[in-house]
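Report on the structure given below.
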């Protein structure tokens, strides 16, 4: 496999050749939606293990925002439970336009696993292309635990005290949240001063799959994101921002993640807020 994405057909072919050729992680999640574990139990990609975003891909909420990065030891334990191995590729999918899957992709890459792909189009694309569906009640099908060792630092990240120094800061939220016209989740509306807005919806075609690298480069360039200067991305809680990081990787533009994002930024009332 090459690149950060894999198509349903490519995944189907991999699984058909060898059940042990790839580790599949189901990270279905929707903010305010039905629990992903219930969706997993109702049907999932054969051999997939379920990973919970709130408890395994994030630490408890606090000064670091609504979804702080998990402690490396906790993330390592979660990935081992899910059967992740250092020598085996990983494919991650969700049913939330790739947002949760991108978070897991970023975390695995950040903690040292270099062979990770997001299923392009997610669960709906898998079903649309007649992918097989398994139904079990266990949230982890792996017959044996993985051996993944977390070694954080492989993907760039910035903290709150560095954010204002980033030459190009991207806000991945919806435009109305960026402008401060509406804030349905966090207690303060607005954005970090100097940030430009490139919503994650920009990254996808109408069918829910990622745009081509050429299209992504052009759309980001229109917002001043060209890769000529360092780039960092944030969102509401550090989850959907990983979607922009993944899209920028497709376009050949490296970008750092600000994990605390807006929900972490506003925990300190002395930090500046911009609207409009």
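The values are calculated or read from the model by the stated rules, or taken from the named source; none is laboratory data. Just so it is clear, the model here is predicted, and its values are computed rather than measured. FYI the Cβ positions are ideal-geometry reconstructions off the backbone, even for glycines, and counts take in every protein chain you see.
Filtering region 255-276 to residues that are out of contact with any strand residue (DSSP E or B) (no Cβ under 7 Å at 6 or more places or on another chain) and under 16 Å from residue 223 (Cα atoms) leaves only 276.
Pick from region 171-195 the residues that are assigned to a helix (DSSP H, G or I) and in contact (Cβ under 8 Å) with a residue 40 or more places away in the chain: which of them is surrounded by the most Cβ atoms within 10 Å (Cβ to Cβ)? Let's see the steps before the verdict.
Here is the first cut: in region 171-195, the residues assigned to a helix (DSSP H, G or I) are 175-179.
When the remaining residues are screened for being in contact (Cβ under 8 Å) with a residue 40 or more places away in the chain, the result is 177, 179.
Details: 177: 23, 179: 17.
Filtering region 171-195 for residues that are assigned to a helix (DSSP H, G or I) and in contact (Cβ under 8 Å) with a residue 40 or more places away in the chain, the one surrounded by the most Cβ atoms within 10 Å (Cβ to Cβ) comes out as 177.
Suppose the filter is on the phi > 0 side of the Ramachandran plot and in the same structural domain as residue 101 (by TED's automatic domain parsing); does residue 65 pass it? It is true that residue 65 is on the phi > 0 side of the Ramachandran plot and in the same structural domain as residue 101 (by TED's automatic domain parsing). Among what's in region 24-38 and is in contact with a strand residue (DSSP E or B) (Cβ under 8 Å, 6 or more places away or on another chain) and modelled with pLDDT under 95, pick the residue that is surrounded by the fewest Cβ atoms within 10 Å (Cβ to Cβ). Here the residue is 37. Among the residues of region 1-13, those identified as part of a helix (DSSP H, G or I) and out of contact with any strand residue (DSSP E or B) (no Cβ under 8 Å at 6 or more places or on another chain) are 9, 10, 12, 13.
Just to be sure before I move on: is residue 47 more than 25 Å from residue 144 (Cα to Cα), in contact with a helix residue (DSSP H, G or I) (Cβ under 8 Å, 6 or more places away or on another chain) and buried (at least 16 other Cβ atoms within 10 Å of the Cβ) in the structure I sent?
On the way: more than 25 Å from residue 144 (Cα to Cα): no; in contact with a helix residue (DSSP H, G or I) (Cβ under 8 Å, 6 or more places away or on another chain): yes; buried (at least 16 other Cβ atoms within 10 Å of the Cβ): yes.
In short, no.
Against the definition (in a loop (DSSP other than H, G, I, E, B) and buried (at least 16 other Cβ atoms within 10 Å of the Cβ)), how does residue 131 come out, yes or no? Against the criterion (in a loop (DSSP other than H, G, I, E, B) and buried (at least 16 other Cβ atoms within 10 Å of the Cβ)), residue 131 qualifies.
Just checking, does region 81-93 include any residue being within 24 Å of residue 267 (Cβ to Cβ) and either in contact (Cβ under 8 Å) with a residue 40 or more places away in the chain or assigned by TED's automatic domain parsing to the domain that holds residue 194 (or both)? Let's see the steps before the verdict.
As a first pass, look at region 81-93 and keep what is within 24 Å of residue 267 (Cβ to Cβ): none.
For region 81-93, residues within 24 Å of residue 267 (Cβ to Cβ) and either in contact (Cβ under 8 Å) with a residue 40 or more places away in the chain or assigned by TED's automatic domain parsing to the domain that holds residue 194 (or both): absent.
If you check 59, 77, 100 for being under 18 Å from the mean Cα position of the chain (by Cα), within 23 Å of residue 153 (Cβ to Cβ) and surrounded by fewer than 24 Cβ atoms within 10 Å (Cβ to Cβ), only one passes: 59.
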